[in-house]
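Below: one structure, written as structure tokens.
The values are calculated or read from the model by the stated rules, or taken from the named source; none is laboratory data. Source: prediction; values computed, not measured. Heavy atoms of the whole protein, side chains included, go into the accessibility calculation; ligands, DNA and RNA do not. Shrake-Rupley method; radii C 1.70, N 1.55, O 1.52, S 1.80 Å.
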Amino acid sequence: MGSRGMHGPAPVRRRRLLLWPKASRAALLASTALAAAVVPALAQDATWLTNPVNGNYDSGFNWSTGTEPTGTAFFDASTITSLTTIGFSVGGWTLNAGASDYSITNNGFTNFNGAGIAINGGSVVLINRSFLDFNNSSTAGNATINQTSGFVRFNNNSTAGNATINQAGGFVQFSDNSTAANAT
């Protein structure tokens, strides 16, 4: 007669399933999503490839990390040195010792929000046809900027550094304690 003897089968214990009301679940989900949304993204550094796919600055295929950098973009020697962009935000560019000479055409909204441009080797000619902003104490360094149209703006204590700015059209503007420094 089983282990319980004459008293019948063992009682079945049922577990209570705790269900939250629908409104509480929605609030929890929304607050979790909100908490994730306010975490700041970390700036990502990347290096332009030695043998990139093409000259599209905005294509992750051309960068060491597989995505366009938001921190510092590093440049070394490369087989493709004529680049175009429709705009980006980056902390800065660093041309390392031994870097190639680069020509980068800006056709969109481009922002330097960190150190700006540092040239330790090679050179960079930045052809601006749209909006080029240096913000937050960034510098144009020793770059050559060929302003063909649009705006080059230095904001929030940024500086033109020792850059050469050739203005064939458009506007160059300094605001919020920014300076031309030693630029020509």
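Taking a ≥ b ≥ c as the square roots of the eigenvalues of the Cα gyration tensor, the stretch 67-148 is classed as rounded, since a/c falls below 1.5. Taking a ≥ b ≥ c as the square roots of the eigenvalues of the Cα gyration tensor, an a/c ratio of 1.5 or more together with a/b no larger than b/c marks the stretch 109-161 as oblate. Protein heavy-atom accessible surface, 1.4 Å probe, per residue over the stretch 50-179: 41 Å².
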